[in-house]
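Engineer: Handing you this structure, nothing more for now.
Nothing in this text is a laboratory measurement; each read-out follows from the coordinates by a stated rule. Note that this is a predicted model, so its numbers are computed, not measured. Every residue, glycine as well, gets a Cβ built from its backbone with ideal geometry; the counts of neighbours run over all protein chains shown.
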Amino acid sequence: MKTYLKTRFIINRDPEKCIKCQVCVRQCGWDVHYYMLELDVMRSRDEQCFNCQRCVTFCPTGALIIEKNPYQYSDNANWRPEVIEDILKQSETGGILLTGMGNPRPYRIYWDHLLLNASQVTNPSIDPLREPMELRTFLGRKPDRVQVDPSRVSIATKLAPQVVIDIPVIFSAISYGAVNLNVHESLARAASEVGTLFNTGEGGLHRKLYKYGKNTIVQVASGRFGVHADYLNVAAIVEIKIGQGAKPGIGGHLPGEKVTADVSETRMIPQGTDALSPAPHHDIYSIEDLSQLIFALKEATNYTKPISVKIAAVHNSAAIASGMVRAGADIIALDGIRGATGAAPKIIRDNVGIPIELAIASVDTRLRQEGIRNQASIIAAGGFRTAGDVLKAIALGADAVYIGTAALIALGCHVCGGCHTGRCSWGINATNPYLSKRINPDIGAERLVNLLRGWEHEIKDMLGGMGINALESVRGNRLHLRAIGLTDTEMNVLGVKMAGT
């Protein structure tokens, strides 16, 4: 069928600069560039370009520029170019449109409308370079009250298992198979060095990475891929994945071509077969069912690990979270609409779910109103970009945050959205050995450590400017936040006041 689609991007090659070295051919995972021997010229298949900028970055003479196609449809606020192109694609394929990464729609990003307080005269600021700043965070269920044994000067109350992280930033769930082993190793090594955690996602944990177990969160998802006793017991935290922000209410799909021998062994499925996660857990149809699974996992790990439950941020997240806590969850993980993924139906990613800012505030408020906020930690996910976003999330009520896209950008990701093809030119989501070896775990871990160290310094600087020397003093304290450009309804949901009040 003849396509009516115009190419999204146009590759401009300067013939005066191009030396026909074919570096662009070797660097592109989508086979965009090719050399025509009979004419001794370089050519491009513009329709296959995702604008990942790999060829532009590595061209030794700077001969390449990738630009948006200037072709214009007639102006129409309803029938925007994106809508027209999606209809054309489906008229030619008859299928669901898949995409990668997070929601690109211009929905309000509330972090950009929230400001942090600062100390001035009445509350002196603190110099984080000369005075200690405490960022340690304890994840897990806290008791309603603590009894002390005065004879031994020790805590007499039996505490639920706690996991301590040195910075309130955790690497989000990215499964093995969706990304390759080099990416997983980079994340695991960085988490170990910084004193935080990385999440395996629903694809199991490669045996090579078991040595990083104390810095690992393992997932139990609907497909139960890679779940066995060793997997559960090597981890610091076990997380039940019910939903994720990029595709609330639906399951997952890893194409068979990405199920290599190692992925097959780790996920415990046949090599070359599609890994399909059902939308629901077929043993969870109520809070009571969830409670049974939580306590089964606690039994399997001898009550030594916190159990987390991850859901997508939706309109009734607060009520769901309340039930999860009462079902025995030690940690609530919330993933907002800007959360990214390797592959999701575009229509789901762009239209289902709510922003993480509103979900954090509503869940924290509900749990406090019911007097059970201490019984579970909250980890928030879904498009965290900066240390400022992290600190604002904690002030709204989160204990820590997950970062996924930011971590992948540190490894080289250009957020081009071509993840679902498995042909990432930067080698991140590719299992092809030629592409995947572009991620060097030594360099990858160093880049991730640098990112977290930079955010750590910035969080300390902000706390110092607020006159606070411990992160715990900010957690859930929305008096440290002020709103700019929000409606009364939005400020009411967030529980914050207008700037100037």
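Engineer: Could you point to the residue in Val220, Cys416, Leu39 farthest towards the positive end of the chain's charge dipole, with +1 and -1 charges on the Cβ of Lys/Arg and Asp/Glu respectively?
Structural biologist: Among Val220, Cys416, Leu39, the one farthest towards the positive end of the dipole of the chain is Val220.
Engineer: How high is the relative contact order of the chain, in percent, with contacts defined as C-alpha pairs under 8 Å that are six or more residues apart?
Structural biologist: Computed over the chain, the figure is 19 percent.
Engineer: Over 25 Å between C-alpha atoms is what I'm after, so list which of Lys310/Lys497; Lys68/Lys346; Lys17/Lys68; Lys214/Lys247; Lys247/Lys497 land there.
Structural biologist: Where the Cα-Cα span goes over 25 Å, the pairs concerned are Lys310/Lys497; Lys214/Lys247; Lys247/Lys497.
Engineer: Select from Gly353, Phe58, Pro168 the residue farthest towards the positive end of the dipole of the chain; place +1 on Cβ of Lys and Arg, -1 on Cβ of Asp and Glu, and compute about the Cα centre.
Structural biologist: Pro168
Engineer: Something else about it: May I ask you to derive the relative contact order of region 128-244, considering only C-alpha pairs under 8 Å and at least 6 residues apart, and to give it as an integer percent?
Structural biologist: It comes to 19 percent, rounded to a whole number.
Engineer: Cα-Cα over 27 Å: which of Lys241/Lys298; Lys158/Lys392; Lys305/Lys460; Lys20/Lys89?
Structural biologist: Lys158/Lys392; Lys305/Lys460; Lys20/Lys89, as the Cα separations exceed 27 Å there.
Engineer: I need the shape label for region 87-167. Rule: rounded when a/c is under 1.5, else prolate if a/b > b/c, else oblate, with a, b, c from the alpha carbon gyration tensor.
Structural biologist: Judged from the Cα gyration tensor, region 87-167 comes out oblate (a/c at least 1.5, b/c at or above a/b).
Engineer: Out of region 1-85, which chymotrypsin sites (Phe, Trp or Tyr not before Pro) are coil in DSSP terms and have no more than 15 other C-beta atoms within 10 Å?
Structural biologist: Tyr4, Tyr71, Tyr73, Trp79
Engineer: Sticking with this structure for a sec: Region 72-92 to region 30-46: how many Å between their Cα centroids?
Structural biologist: Region 72-92 and region 30-46 have Cα centres spaced 30 Å from each other.
Engineer: Moving on. Show me, for region 220-231, the HN-Hα J-couplings you get by feeding each phi into the Karplus relation (A = 6.51, B = -1.76, C = 1.60, θ = phi - 60°), rounded to Hz, glycine and proline as x.
Structural biologist: Listing the rounded values in order: 10, 9, 5, x, 6, 5, x, 8, 7, 4, 4, 4 Hz.
Engineer: Looking at Thr341, Pro128, Ala400, which one has the Cα that reaches farthest to the positive end of the dipole of the chain (charges on Cβ: Lys, Arg +1; Asp, Glu -1)?
Structural biologist: Value computed over the given set: Pro128.
Engineer: Mind checking the dipole of the chain: about its Cα centre, +1 per Lys or Arg Cβ, -1 per Asp or Glu Cβ, Debye to the nearest 20?
Structural biologist: 220
Engineer: With only Lys, Arg, Asp and Glu charged, each at its Cβ (+1 for the first two, -1 for the last two), find how big the charge dipole of region 178-309 is about the Cα centre; round to the nearest 20 debye.
Structural biologist: Roughly 320 debye, rounded to the nearest 20.
Engineer: Tell me, how many Å apart are the Cα centres for region 409-487 and for region 298-373?
Structural biologist: Cα centroid to Cα centroid, the span is 20 Å.
Engineer: Is region 137-498 rounded, prolate or oblate when judged by the Cα gyration tensor, a ≥ b ≥ c being the square roots of its eigenvalues, rounded requiring a/c under 1.5 and prolate requiring a/b larger than b/c?
Structural biologist: rounded
Engineer: So what are region 231-289's ellipsoid semi-axes, whole angstrom, largest first, if each one is the square root of 5 times an eigenvalue of the alpha-carbon gyration tensor?
Structural biologist: Calculated on Cα positions only, the semi-axes equal 23, 17, 11 Å.
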